[in-house]
Amino acid sequence: MPFIILLPFFRLFILRKEWFKYAGALNRFWSWLQLHMYGVRVEVIRKGNYNPKQQYIYAPNHSSYIDIPLLLSTVPGFLNFVGKASLTRVPLWGPIFKALYISVDRDSRMSRAKTYLYSNKTLDEGRSLVIFPEGKIPDENVGKELAEFKDGPFRLAIERKIPLVPVTMPFNHIFLPDVKGQFIVNRHPLKIVFHEPIDTTNMTMNDLETLKAQVFNIIKTEFVTDIYEDRHKHHQKSGPLSAA
């Protein structure tokens, strides 16, 4: 309902590029409102010092469709995202995503190349960038294991000498699981951890694999154990949108 109410404003703000920042702010408000309407507690942890005037490349784990709203509501500034091309085909929301953010077809080499160019352009414009290093929600062991990382965010961070921020969202896969053909919401507290930014000033492409491994291990430090996760699952209450 809030999205339908805000839709005319979204449509207006994507008509001209100089208005995109207003659409971005509106999207941030909608994300914040969406999370509050679910009625769940969101814990935000920021490690290290963040410069509000500094650009960052954020590298979060990907486990749920609630990932983007959670990031939009907690990361400051006019962000850009790299998301899968299928998001541009979502009714009503698709044209907005296509205008504001970067879409990529992971199976297309040309699309991946264009995404890299658009990402560089975003950084040229002074915007921070969010790229899921896994590329997609893992097919199995979601929230327990990370899928293999792609090179994109790490290559950009090293080439552009921009700090890279590992981000962990350990409970999103419980709250809004990726179940094909179903929309299930489980009432479960959410948590997002912004780890200390990694300085890439003195790095070269020879450090790419080391950086990938470092971020991989940092993100996993905030994953929960099976026992802790199961304890939450057994005591959670189904939300109004749950299949239960």
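Restricting the search to region 78-101, which residues are hydrophobic (A, V, I, L, M, F, W, C), out of contact with any strand residue (DSSP E or B) (no Cβ under 7 Å at 6 or more places or on another chain) and touching a residue at least 12 places away in the same chain (Cβ under 8 Å)?
Across region 78-101, the qualifying residues are Phe78, Leu92, Trp93, Ile96, Ala99, Leu100.
Is it true that Phe154 is over 30 Å from Ala113 (Cα atoms) and surrounded by 19 or more Cβ atoms within 10 Å (Cβ to Cβ)?
no
Looking only at region 208-217, decide whether some residue is of a type in the set (D, E, K, R), open to solvent by 10 Å² or more (accessible area, probe 1.4 Å) and part of a strand (DSSP E or B).
The answer is no; no qualifying residue exists.
Within region 94-130, which residues are of a type in the set (Asp, Glu) and within 13 Å of Asn80 (Cβ to Cβ)?
Within region 94-130, Asp124, Glu125 qualify.
Counting only residues that are modelled with pLDDT of 90 or more and open to solvent by 30 Å² or more (accessible area, probe 1.4 Å), give me the strands (runs of 3 or more DSSP E) lying completely in region 1-100 with at least 3 of them.
The qualifying strands (runs of 3 or more DSSP E) are 42-46.
Can you confirm whether region 185-195 contains a residue that is more than 18 Å from the chain's Cα centre (by Cα), open to solvent by 40 Å² or more (accessible area, probe 1.4 Å) and not acidic (Asp, Glu)?
yes
From the residues in region 151-175 that are in a loop (DSSP other than H, G, I, E, B) and more than 15 Å from the chain's Cα centre (by Cα), which one is farthest from Val82 (Cα to Cα)?
If we take residues in region 151-175 being in a loop (DSSP other than H, G, I, E, B) and more than 15 Å from the chain's Cα centre (by Cα), then Lys161 is farthest from Val82 (Cα to Cα).
Please go through region 101-143 and pick out each residue that is in a helix (DSSP H, G or I) and among the aromatic types (Phe, Trp, Tyr).
Correct list: Tyr116, Tyr118.
The values are calculated or read from the model by the stated rules, or taken from the named source; none is laboratory data. Nothing here was measured: the structure is a model prediction, and the numbers come from that model. Counting neighbours? That spans all protein chains shown, and the Cβs are built from the backbone with ideal geometry, glycine included. The accessibility values were calculated without ligands, DNA or RNA, using every heavy atom of the protein model including side chains. Shrake-Rupley method; radii C 1.70, N 1.55, O 1.52, S 1.80 Å.
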